[in-house]
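Okay, here's the structure, questions in a sec.
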Amino acid sequence: MPSFSYNDMTFTVAPRGDRWDISYALPNGASALVGAGLFKGLAEAEAAARARALIKTIFPVGIKSVGPDVAHPNTIGDLKIVGPDVTHPNFIYWTKDSVSCPKQL
Amino acid sequence: MEIKGSVALVTGGGNGIGEAVVKHLARQGARVAVVDMVQKNIDRVVKDIQDLGGEAIGIQANVTSEADTARYIKGTLEAFGQLNIAVSCAGIIRDGTMLSLDKETGQVSKKLDLAKWQAVIDTNLTGTFLCMRDAAEAMVNGGWEGLLVPISSVNKAGQVGQLNYSSAKVADALMPKIIVGEFLMRGIRKIRCVAIAPGYTATPMLTGMNQEALKAILEDVHLGRLVAPEEIASLIGYCVENEAINATTIEITGGLCYPKGIAK
Ligand SMILES: NC(=O)c1ccc[n+]([C@@H]2O[C@H](COP(=O)([O-])OP(=O)(O)OC[C@H]3O[C@@H](n4cnc5c(N)ncnc54)[C@H](O)[C@@H]3O)[C@@H](O)[C@H]2O)c1
């Protein structure tokens, strides 16, 4: 039963008769189906490769907004400023300026 | 065209009429792609189809987006290798009269929001156009037999409080004549287009409607009840199988009449 991680999610490809089901783990620990009864008659390795390609199409990688980190607001007087959750593993740091976003003077 | 062995995609397949269409086609042996914006509804419907012993995939997408449309078509082709039936069920209502007046002054107190207008046009008209266009492209390039099904509404006739919705649905109802006419011009013979115009149907969409108004409307339905989503699904199944039905819009309303019994 091949399992793989993609785009922050864990997918599993499991046989059902001569077909394959693809499921993914939900944040609450339960699982949901991406597809049921697919790839009739394919061997495990081929079904897993087809599943990977399908998942890459269905769940495109994009920018995920992370946060807000409501537990750690900055305060100015009674004004609370809530920033992104910088401790989240998906938070991306840029160490240099992006060329697509040049510094404006 | 036989349903068994065909591949269908249904936008709005996570709920209401779309869900009934997905399940009806899956029961008849079609492989189905459930396209919707709400992931938990997609998950539920795909699970139900698994329990039926059917074949399905779920794709979360916003039908108003051209990129999402390309993605759900590609996902369907990657899973099943072909596409034969595309049903555009995703739809919304955002009701309101164009103008509201202040009772005391008689002056305009409120106008229909552009946001309410645009959301309905984007989902119910542009979303249907994108689905029909890209599904037809896949069918032509793949050389497959096909049926395109825009979902219109009986309110294409014009419903007060629904300037946005009726405008979109009358345009959806026109699609079969134009699309099939263009197919004839271009020598595309294997793909048909039939729109379905439901009357008031028992789905969650109606829970967003004024319930008093709904009760009053039911008095004008000859059948005396709401249409069941499964009844619409079985009509679509029939349209798939009967290739003489083409370039038209079929109403399924239970006999909705104007007051005094004049059929709508
Ligand atoms: N229920 C009725 O009485 C009735 C009558 C005539 C026509 N219709 C039409 O039938 C179709 C289905 O209606 P229903 O009653 O089943 O509605 P519904 O609200 O039960 O289901 C509509 C589905 O479309 C999905 N959806 C909405 N916007 C979307 C978007 N931008 N992208 C992807 N998915 C989106 C929703 O998540 C939902 O699952 C609609 O086009 C509606 O206008 C319904």
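The values are calculated or read from the model by the stated rules, or taken from the named source; none is laboratory data. The model shown is predicted, which means the values in this text are computed figures rather than measured ones. In this analysis, Cβ positions are derived from the backbone assuming ideal geometry, glycine residues included, and neighbour counts consider all displayed protein chains. The area values use the complete protein model at the heavy-atom level, side chains included, leaving out ligands, DNA and RNA. Shrake-Rupley method; radii C 1.70, N 1.55, O 1.52, S 1.80 Å.
Where is the GNM fluctuation largest for chain B (alpha-carbon springs, 10 angstrom cutoff): B:ALA213, B:ALA119, B:ALA202?
Per the Cα network of chain B with a 10 Å cutoff, B:ALA213 tops the list.
Can you tell me the relative contact order of region A:3-58? Whole percent, Cα pairs under 8 Å, sequence separation 6 or more.
25 percent
Additional query: For the protein assembly as shown, build the charge dipole from Cβ charges (+1 Lys, Arg; -1 Asp, Glu) around the Cα centre, then report which of B:THR207, A:VAL13, B:LEU9 sits farthest towards its positive end.
About the Cα centre, the residue reaching furthest to the positive side is B:LEU9.
Continuing with this model, one more query. Compute the relative contact order of chain B as a whole-number percentage, counting only Cα pairs closer than 8 Å that sit 6 or more residues apart in sequence.
Across chain B, relative contact order equals 19 percent.
Continuing with this model, one more query. How much accessible area per residue does the protein assembly as shown have, in Å², with a 1.4 Å probe?
Per residue, the protein assembly as shown has an accessible area of 52 Å².
Pairs B:LYS116/B:LYS190; A:LYS80/B:LYS103; B:LYS74/B:LYS169: which are spaced more than 32 Å apart, C-alpha to C-alpha?
In this structure, B:LYS116/B:LYS190; A:LYS80/B:LYS103 exceed 32 Å between Cα atoms.
Would you tell me the mean number of C-beta atoms belonging to other protein chains that fall within 10 Å of each C-beta in B:53-61, as a whole number?
5
Given the peptides A:21-29, B:15-23, arrange them by the average over their residues of other C-beta atoms within 10 Å, most packed first.
The packing order, highest mean first, is B:15-23, A:21-29.
For helix B:229-241, report the angle its Cα long axis makes with the longest principal axis of the Cα atoms of chain B; keep it between 0 and 90° and round to the nearest 10°.
Result, in degrees: 40.
Note down the Stokes-Einstein diffusion coefficient of region B:7-263 in µm²/s, whole number, using a Kirkwood radius over alpha carbon pairs, 25 °C, and 0.890 mPa s.
The Stokes-Einstein estimate is 131 µm²/s.
Right, here's the next one. Kindly tabulate the residues in region A:31-46 with an accessible-area decrease of at least 50 Å² between the chain alone and the assembly of all protein chains, using a probe of 1.4 Å.
A:LEU33, A:ALA36
Can you give me the distance in nm between label points at B:SER234 and B:GLU2, each placed 7 Å from the Cα along the Cα-to-Cβ direction?
2.2 nm
Add -39500 (n - 2.57) for each DSSP H run of 4 or more in chain B, then divide by its residues: what number comes out at 222 nm, to the nearest 500 deg cm²/dmol?
Computed ellipticity for chain B at 222 nm equals -13000 deg cm²/dmol.
Rounded to the nearest percent, how much of the accessible area of the protein assembly as shown (1.4 Å probe, protein heavy atoms only) is carbon and sulfur?
Accessible surface attributable to carbon and sulfur in the protein assembly as shown totals 56 percent.
Cα axis of helix B:16-27 to longest principal axis of chain B: angle in degrees, 0 to 90, nearest 10?
Helix B:16-27 sits at roughly 20 degrees to that axis.
Something else: Compute for chains A and B the buried accessible surface, both sides summed, probe 1.4 Å, and express it in Å² to the nearest 100.
Protein heavy atoms only, the A-B interface buries about 1500 Å².
To the nearest 10 degrees, how steeply does helix B:39-51 sit against the main Cα axis of chain B, on a 0 to 90 scale?
Its long axis makes an angle of about 50 degrees.
Oh, and also: In debye to the nearest 20, how big a dipole does region A:3-58 give about its Cα centre with +1 on each Lys and Arg Cβ and -1 on each Asp and Glu Cβ?
About 120 debye.
Residues with beta-carbon under 14 Å from that of B:GLU145, excluding B:GLU145: net charge, scoring Lys, Arg +1 and Asp, Glu -1?
Within the 14 Å Cβ shell, the charges total +1.
What is the mean projected area of the alpha carbon convex hull for the protein assembly as shown, to one decimal in square nanometres?
Projected over every direction and averaged, the Cα hull of the protein assembly as shown covers 27.2 nm².
If you take every DSSP beta bridge whose two residues both sit in the protein assembly as shown, what share of them, in percent to the nearest 5, is antiparallel?
Among the beta bridges of the protein assembly as shown, antiparallel pairing accounts for roughly 45 percent.
Could you give the alpha-carbon Rg of region A:3-58 over 2.2 N^0.38 Å, rounded to two decimals?
1.06
Shifting gears a bit: Dipole of region B:1-99, Cα-centred, from +1 at each Lys and Arg C-beta and -1 at each Asp and Glu C-beta, to the nearest 20 debye?
100 debye
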